[in-house]
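Peer 1: Let me give you the structure first, and then I'll get to my questions.
The values are calculated or read from the model by the stated rules, or taken from the named source; none is laboratory data. All figures in this text were calculated on a predicted structure; none of them were measured in a lab. All Cβ positions, glycine included, derive from the backbone under ideal geometry; neighbour counts span all protein chains shown. Surface accessibility is based on the protein's heavy atoms, side chains included, excluding ligands, DNA and RNA. Shrake-Rupley method; radii C 1.70, N 1.55, O 1.52, S 1.80 Å.
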Amino acid sequence: MSFADQLQRFGLLLPQGRATVVLAGTPDEIGRVYETVDAALRQRPGYRLVLAAAAEDLSELRRRYPHELVLPLPYPAGAGLWRRRLEAILVIGPARLNAQFGKAGVLDSNEPMTAGTVATMLPPRDLPARPVSTSTFLIDLLGGSSIASLADLKTRLGNPRTIVCLGNGPSSEDPRLSDHRDAALFRVNWNWRGRGWMTEPAVVFTADPDLPGSGRRPIITFPTAAIGRPILMRHTRAMRPPSAGYIFLDAFDPTLADLSGPMIPTNGALMIAVAAAVGAERIVIAGMDLYQHPHGRYPGDATAFDGYSREHSAEIDLALMRTALGGFKGEKIILSDNLRAALQTPG
């Protein structure tokens, strides 16, 4: 368990700002009711899900549910503060965890439950979200550099002739990509690091708080300033400012996608929209497998839970990619079979 995990067991360093549902237990206990709780939260947008487990189970849960927030269970003495800091509206788990959470208790996950009954315990979120500062003064002062237009991005990239767009599905390691190693490389999030395959992107599209590596710094692109600014502040405090530049896509005029609602395109779909708008001669797309690849969610890992997270959907992604690629006049090479087939199906 990391030092940060230890502090979180005391109720410190916890993510705040959103009403939360906690699903607690062992990986098997969580797995039995995960889909039910996930379906309930799709009926109640605005709630965050936290998976909570003992220290020895954290690594497995983080591997199995890479798009969820996984935290250690609190120490019993700090359970009240832990719940308050997380704004935990509901804790779901086996009854044995009542001793962990004291009087507040848990909804017993061993009892029959449906998505509908869980949703009825969560009032609709009609309160405005807490405002998030979008000021970038400190980020820019300490080494950041804002990119506010497609023209600026194209110049920073050196007017590339070919852009390779890699999602994180198994087809992101298609051997045919070796023919395009000199292209401008766009990647999604940071979980491709350590696999030794196309690991020096020019641009990374992300909404994850992971720090960039200590080597080459790519341009970092976020869907919105509200998402990106707190993450860049963390990068800056760790002395890893976005020196190559950063982008908040909701600042682009005209906008490339609707980023104002509770559900927005994934970073992979936004990556393709940006690549098409930059206006290269060729776009090569791989790793965009729509969570339907027979080898699983990621290359070399068939255990991660597949499917779109609650803030995204295949319908939204495909609509954006059809529009973006439909307006692109250059050559399109799509190495993701599922995506190619889906784009050929009328939306």
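Peer 1: With only Lys, Arg, Asp and Glu charged, each at its Cβ (+1 for the first two, -1 for the last two), find how big the charge dipole of the chain is about the Cα centre; round to the nearest 20 debye.
Peer 2: Rounded to the nearest 20 debye, it is 780 debye.
Peer 1: Right, another one. Pick from ASP179, ASP301, ASP250: which is most flexible by mean-square fluctuation in a GNM of the chain where alpha carbon atoms under 10 Å apart are linked?
Peer 2: Evaluated over the chain, the most mobile residue of the options is ASP179.
Peer 1: I would also like to ask the following. Along the positive direction of the dipole of region 73-118 (beta-carbon charges: Lys, Arg +1; Asp, Glu -1; about the Cα centre), which of ALA99, TRP82, THR114 reaches farthest?
Peer 2: Farthest towards the positive end: TRP82.
Peer 1: Between the helical axis of 225-237 and the dominant principal axis of the chain, each derived from Cα atoms, what acute angle in degrees is found, rounded to the nearest 10?
Peer 2: Its long axis makes an angle of about 90 degrees.
Peer 1: Now a separate question. Report in % the part of the accessible area of region 132-172 that belongs to carbon and sulfur, leaving out ligands and nucleic acids; probe 1.4 Å.
Peer 2: Carbon and sulfur together cover 56 percent of it.
Peer 1: Shifting gears a bit: Go through THR323, PRO294, ASN338 and say which Cα lies farthest out towards the positive end of the charge dipole of region 293-347; charges sit on Cβ, +1 for Lys and Arg, -1 for Asp and Glu.
Peer 2: Of THR323, PRO294, ASN338, it is THR323.
Peer 1: To the nearest 0.05, how large is the calculated FRET efficiency for ASN98 and ASP208 if R₀ is 41 Å and r is the Cβ-Cβ distance?
Peer 2: For R0 = 41 Å, the calculated efficiency reads 0.75.
Peer 1: Roughly speaking, what is the stretch gain from ALA226 to ARG32, that is 0.36 nm per residue apart minus the C-alpha to C-alpha distance, in nm to one decimal?
Peer 2: 66.4 nm
Peer 1: Which whole-number percent gives the relative contact order of region 187-240, counting Cα pairs below 8 Å spaced six or more residues apart?
Peer 2: Once normalised by length, the contact order is 32 percent.
Peer 1: At a Förster radius of 25 Å, what calculated FRET efficiency corresponds to the Cβ-Cβ distance of LEU142 and SER2, to the nearest 0.05?
Peer 2: That pair, LEU142 with SER2, gives E of 0.45.
Peer 1: Ignoring any ligand, DNA or RNA, what whole percent of the accessible area of region 249-347 comes from carbon and sulfur when the probe is 1.4 angstrom?
Peer 2: Carbon and sulfur together cover 54 percent of it.
Peer 1: Okay, next question. Compare LEU320, LEU142, LEU49 in a GNM of the chain, Cα atoms joined below 10 Å, and give the one with the largest fluctuation.
Peer 2: Its mean-square fluctuation being the largest, the pick is LEU142.
Peer 1: Here is a follow-up. Suppose all protein chains stay in the model; what accessible area per residue would a 1.4 Å probe give for region 153-258, in Å²?
Peer 2: Per-residue value: 44 Å².
Peer 1: Further, regarding this structure: Given contacts defined as C-alpha pairs under 8 Å and at least six residues apart, what's the relative contact order of region 206-347, whole-number percent?
Peer 2: Relative CO of region 206-347 lands at 22 percent.
Peer 1: What is the Cα centroid distance between region 256-319 and region 197-227, reported in whole angstrom?
Peer 2: Each part's Cα centre sits 16 Å from the other's.
Peer 1: What is the spin-label model distance, in nm, from SER313 to SER243 if the labels are put 7 Å beyond Cα along the C-beta direction?
Peer 2: Taking the two extended label points, one gets 4.3 nm.
Peer 1: Given Cα pairs under 8 Å that are at least 6 residues apart, what percent is the relative contact order of the chain?
Peer 2: Once normalised by length, the contact order is 16 percent.
Peer 1: Which translational diffusion coefficient, to the nearest whole µm²/s, is obtained for region 273-318 from the Stokes-Einstein equation, given a Kirkwood hydrodynamic radius over C-alpha pairs, 37 °C and 0.692 mPa s?
Peer 2: 259 µm²/s
Peer 1: If I stretch the segment between GLN344 and ARG195 completely, what's the gain in nm (0.36 nm per residue apart, minus their alpha carbon distance), one decimal?
Peer 2: Extra length from GLN344 to ARG195 when fully extended: 50.5 nm.
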